[in-house]
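Working notes, structure below.
The values are calculated or read from the model by the stated rules, or taken from the named source; none is laboratory data. Predicted, not measured: the structure shown is a model, and the values here were computed from it. Cβ coordinates were reconstructed from backbone atoms using ideal geometry, including for glycine residues, and neighbour counts include every protein chain displayed.
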Amino acid sequence: MLVVCLVAGFFLVRFVSNKAQELAVQYTSEEQVEILPPALTAQETNSVVVRFDAFRDALASGQQPPVLELTDEEINTLIFHHPDFQDLAGKARVAIENGQVASEVSLDIDALGVPIPLIGDAVKDRFFNGEIALTIGMVGGRPVVNLEDVSVNGVTPPETVMAELRKENLLQDYDQDPEMKAFFDKIEAIEVEGNQLRIVPKGASGLPE
């Protein structure tokens, strides 16, 4: 989940950049969508941050952390209040339901470094506002994140396009990033249950029967 929102955002921006000039405006907006922070107390926020840091630090140091369970609001709390995710604060939030992770993003295209020469000035100073539904898991020891549904600036791509997008694993090249590979090499399972995301490190109790 640490990279899902960014990966999804970049993936959708790439989708826009591959379109012809005349479609650029259709898939972007002049205004950023307001994404509100979760309504957790300061004590609840601190508890989430401490629990996440303990998991991350134990994993990095070779210790055995317990299973990390996070509700969607706890994930949003990390996005808004944890220094590791400060670049996402106010730009993304997630919701978990029906076994899927839904992500709402509102991204400044200029800040993302979209190759403007490909689409001229049509998207300069504009925002990429989208809603994405994802399925997340581990298959054969590798992370798998599949795009299920997309709405870009209120527009849904044609089903023929969606059929191709659903085939893509958004993290298929995760092992090209040493830090990401090191993280997933220590993970046994990633599960979505109810409104929770469960990250199960290798050797931890709490694995499904």
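Things worth noting here:
- Among residues of the range 118-133 that are at positive phi, those with a Cβ under 8 angstrom from a residue that is at pLDDT below 75 and surrounded by fewer than 18 Cβ atoms within 10 Å (Cβ to Cβ), sequence gap 6+ or separate chain, pair up as 120/21; 125/110.
- Condition broken by residue 84, with the remaining ones in (1) in contact with a Phe, Trp or Tyr (Cβ under 9 Å, 6 or more places away or on another chain); (2) more than 19 Å from residue 170 (Cα to Cα); (3) modelled with pLDDT under 90; (4) not in a helix (DSSP H, G or I) satisfied: (4)
- Condition met for residue 24 (out of contact with any strand residue (DSSP E or B) (no Cβ under 9 Å at 6 or more places or on another chain) and either assigned to a helix (DSSP H, G or I) or modelled with pLDDT of 80 or more (or both)): yes
- Here residue 138 fulfils each of the conditions (1) under 14 Å from the mean Cα position of the chain (by Cα); (2) assigned to a strand (DSSP E or B); (3) more than 22 Å from residue 35 (Cα to Cα) apart from (1).
- Index of the failed condition, residue 31 passing every other in (1) exposed (fewer than 13 other Cβ atoms within 10 Å of the Cβ); (2) part of a helix (DSSP H, G or I); (3) among the charged types (D, E, K, R): (2)
- Residue list for the range 34-72, restricted to those being farther than 24 Å from residue 190 by Cα and either assigned to a loop (DSSP other than H, G, I, E, B) or among the β-branched types (Val, Ile, Thr) (or both): 34, 35, 36, 37, 39, 40, 41
A quick yes/no check of all residues on (1) among the basic types (Lys, Arg); (2) over 27 Å from residue 33 (Cα atoms); (3) at pLDDT 90 or above:
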position: 117; (1), (2), (3): no, no, no
position: 127; (1), (2), (3): no, no, no
position: 150; (1), (2), (3): no, no, no
position: 162; (1), (2), (3): no, no, no
position: 170; (1), (2), (3): no, no, no
position: 184; (1), (2), (3): no, yes, yes
position: 208; (1), (2), (3): no, yes, no
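- Yes/no for residue 200 being farther than 16 Å from residue 94 by Cβ, crowded, with 17+ Cβ neighbours inside 10 Å and touching a residue at least 40 places away in the same chain (Cβ under 8 Å): yes
- The single residue among 89, 60, 122, 111 that is over 26 Å from residue 170 (Cα atoms) and at pLDDT below 90 turns out to be 122.
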